[in-house]
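FYI, it's all coordinate maths here, none of it is from the lab. Fair warning: this is a prediction, and the values are worked out from it, not measured in the lab. Heads up, the Cβs are rebuilt from the backbone with ideal geometry, glycines too, and the neighbour counts pull from every protein chain shown.
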Ligand code: ACM
Ligand code: ZN
């Protein structure tokens with residue numbers, strides 16, 4: 001017994017030592033996602049009250065960094081616009097020296113005298129994020145940053161996370177916190193799933209009942225959807241929505257961190273909350289109530305009623321005014337056709353338009369909305385069901401039921417974002433322990449996320465160019481609080497970030513886990529909860545990082 005405790009004690013001492021030196025011994029210097037190229041050098045740059053910040057001009061990235069240094073690190077460091085020359089103890093943020101860099105790339109040179117971050121737009125911001133990851137988390141009188149030369153750029157342009165705020169609602173403050181962590185891991189698209197059967201979460205001025213009625217459900221099913229027959233309910237009203245002012249605030253906050261927010265307004269399915277508010281938009285006329293259990297509901301928008309299209313155009317007008325993103329996600333998934341099969345208006349539409357069946361009617365629906373959005377200069381993204389009955393001409397496909405939808409779309413020369421459930425659904429169980437909190441099902445440990453290859457082997461190199469990237473999806477049927485949500489998202493989202501950013505040939509799971517150890521203390525400082533399964537092999541994680549971030 002004592003022997004075991006002593007052995008554990010020795011192991012933990014050895015482990016503490018390893019983690020303390022992890023960054024020194026690590027060819028990637030603890031940076032997640034691993035950069036394209038890192039050349040370590042001797043010496044350190046000392047960031048202190050005397051350090052001066054120079055920038056070509058005060059861009060978004062420059063203000064972000066200045067604010068971070070002054071308000072998070074509490075240094076007096078002043079920003080000067082102009083050429084630093086070789087001024088000692090300076091950090092230079094510049095667009096010079098970026099020749100030949102791919103989009104979003106940066107070059108970082110750290111010497112004992114100067115840090116030079118060379119990049120344009122997002123590239124400069126990502127160089128800054130790398131510097132922030134090199135700042136030791138321990139609080140000290142001066143901040144020592146190890147010398148190195150780094151060149152870096154992403155493998156994929158689209159690196160996303162989706163948050164479902166319909167099944168459970170998450171505050172503006174929490175969404176911003178998630179955006180902060182996304183930026184830290186160089187993720188750049190936040191897909192905001194704003195409407196679904198169980199709640200409409202975005203204020204639309206022209207249709208106030210969407211939030212008055214549609215954002216509130218009477219109660220919520222208890223436990224796993226399939227656990228109990230009959231289902232039991234908690235008898236507790238649940239609701240919430242974002243005002244347009246709040247949305248504008250979040251969109252700006254994300255843009256300042258080079259993150260695009262893509263809003264999702266579901267159609268023609270997952271629309272029961274709308275029908276509860278405006279029953280004339282359904283095939284039967286109702287009455288309907290906002291969804292109280294999970295799964296797929298038969299009641300969807302009536303595709304034969306022109307008021308539906310006019311309603312959606314009005315909604316999308318307000319959505320487009322709030323979200324400057326090129327893409328608007330129109331959903332398109334899980335739309336049962338049972339109501340359409342029996343609805344005289346839907347059947348008349350099929351006849352009048354010469355459509356083959358209800359799948360073709362869904363295609364008509366999506367194409368009509370695409371035409372509208374295209375006329376306003378926007379592009380649509382839809383879940384892979386939009387392939388059924390014929391793809392809308394300019395649509396991007398989000399492949400979720402596997403990779404087949406992505407393959408089919410790429411072969412039809414359509415852009416694709418991969419998000420197959422098997423690798424990218426962050427609502428699945430992370431371990432087989434009976435102590436895991438209730439999840440939707442399935443098994444997706446961090447190692448499996450890390451093993452994901454977004455480009456299907458079935459595609460030629462020409463077709464592979466349509467794979468724009470991938471995305472982790474956080475569906476929240478069972479995720480009803482922020483601690484639990486973060487537990488599900490981190491570190492799986494960091495693993496996906498590395499899949500999407502780092503060169504394929506550089507990927508190495510053991511090396512990734514070693515670098516993650518450095519991040520646990522940083523996430524603690526950011527008060528971010530995270531799952532610890534990846535560290536359980538060694539039985540210990542570093543908790544030594546304390547300080548300023
Ligand atoms: C989805 O998971 N229904 C896109
Ligand atoms: Zn109908």
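Starting from 0 in steps of 5 Å, tell me what percent of the Cα-Cα pairs of region 214-313 lands in each bin.
3, 11, 16, 16, 16, 16, 12, 7, 2, 0
Express in nm, to one decimal, how much length is gained between residue 256 and residue 180 on full extension, taking 0.36 nm for each residue of separation and deducting their alpha carbon distance.
Taking 0.36 nm per residue and subtracting the Cα distance, the gain is 26.3 nm.
Kirkwood Rh over alpha-carbon pairs of region 281-374, then Stokes-Einstein at 20 °C and 1.002 mPa s: what D in µm² s⁻¹, rounded to an integer?
149 µm²/s
Starting from one equal scatterer on each C-alpha and no solvent at all, send me the Debye-based log10 I(q)/I(0) for region 25-151 at q = 0.21 Å⁻¹, two decimals.
Calculated log10 I(q)/I(0) at the listed q: -1.34.
Which stretch or stretches of region 323-350 have amide N atoms under 19 Å from the point lying 7 Å from residue 296's Cα along the Cα→Cβ direction?
Label zone hits: 330-343.
Could you work out how much longer the chain between residue 95 and residue 248 gets when fully extended? Use 0.36 nm per residue separation minus the Cα distance between them, nm to one decimal.
52.2 nm
What's the angle, to the nearest 10 degrees (0 to 90), between helix 509-525's Cα axis and the longest principal axis of the chain?
The angle comes out at about 90 degrees.
Stokes-Einstein at 10 °C, 1.306 mPa s, Kirkwood radius from Cα pairs: D for the chain in µm² s⁻¹?
Using the Kirkwood radius from Cα pairs, D works out to 64 µm²/s.
If I fit a long axis through the Cα atoms of helix 358-375 and take the longest principal axis of the Cα atoms of the chain, what angle between them do I get, 0 to 90°, rounded to 10?
Long axis of 358-375 versus the principal axis of the chain: about 60 degrees.
If I stretch the segment between residue 404 and residue 56 completely, what's the gain in nm (0.36 nm per residue apart, minus their alpha carbon distance), one decimal?
Contour length minus Cα-Cα distance gives 120.6 nm.
Could you calculate the FRET efficiency of residue 313 with residue 88 from 1/(1 + (r/R0)^6), where r is the beta carbon distance between them and R0 is 41 Å, rounded to 0.05?
Calculated value: 0.10.
Which translational diffusion coefficient, to the nearest whole µm²/s, is obtained for region 391-549 from the Stokes-Einstein equation, given a Kirkwood hydrodynamic radius over C-alpha pairs, 4 °C and 1.567 mPa s?
77 µm²/s
Please report, to two decimal places, log10 I(q)/I(0) for region 97-165 at q = 0.24, 0.25, 0.27, 0.29 Å⁻¹ as given by the Debye formula with identical point scatterers on the Cα atoms and no solvent.
Cα-only, vacuum Debye calculation for region 97-165: -1.03, -1.08, -1.19, -1.29.
At q = 0.14, 0.19, 0.23 Å⁻¹, what is the base-10 log of I(q)/I(0) for region 132-205 according to the Debye formula with one equal point scatterer per Cα and no solvent? Please give it to two decimals.
Calculated log10 I(q)/I(0) at the listed q: -0.67, -0.92, -1.10.
Do the sum for the chain: with -39,500 (n - 2.57) for every DSSP H run of n ≥ 4, divided by all residues, what is the mean residue ellipticity at 222 nm, to the nearest 500 deg cm²/dmol?
That comes out to -10000 deg cm²/dmol.
So what's the gap between the Cα centers of region 473-521 and region 230-299, to the nearest angstrom?
27 Å
Label-point separation (nm) for residue 431 and residue 231, each offset 7 Å from Cα along Cα-to-Cβ?
That separation, rounded to one decimal, is 3.1 nm.
I want to check the label-to-label distance for residue 219 and residue 141. Put each point 7 Å from Cα in the C-beta direction and report it in nm to one decimal.
6.5 nm
Quick one: which of 257-264, 68-75 comes out on top by average Cβ neighbours within 10 Å, and what's the full order, highest first?
Result, highest mean first: 257-264, 68-75.
Give me the one-decimal nm value for the distance between modelled label points at residue 172 and residue 321, 7 Å along each residue's Cα-to-Cβ direction.
Inter-label distance under the simple model: 1.8 nm.
Compute the separation of the alpha-carbon centres of region 74-94 and region 47-70 and state it in Å as a whole number.
7 Å
Of all DSSP beta bridges in the chain, what percent run antiparallel (nearest 5)?
Of all bridge pairs located within the chain, approximately 35 percent are antiparallel.
If one computes P(r) from the Cα atoms of region 136-254, what percent of pairs lie at distances over 23 Å?
Result: 52 percent of Cα pairs exceed 23 Å.
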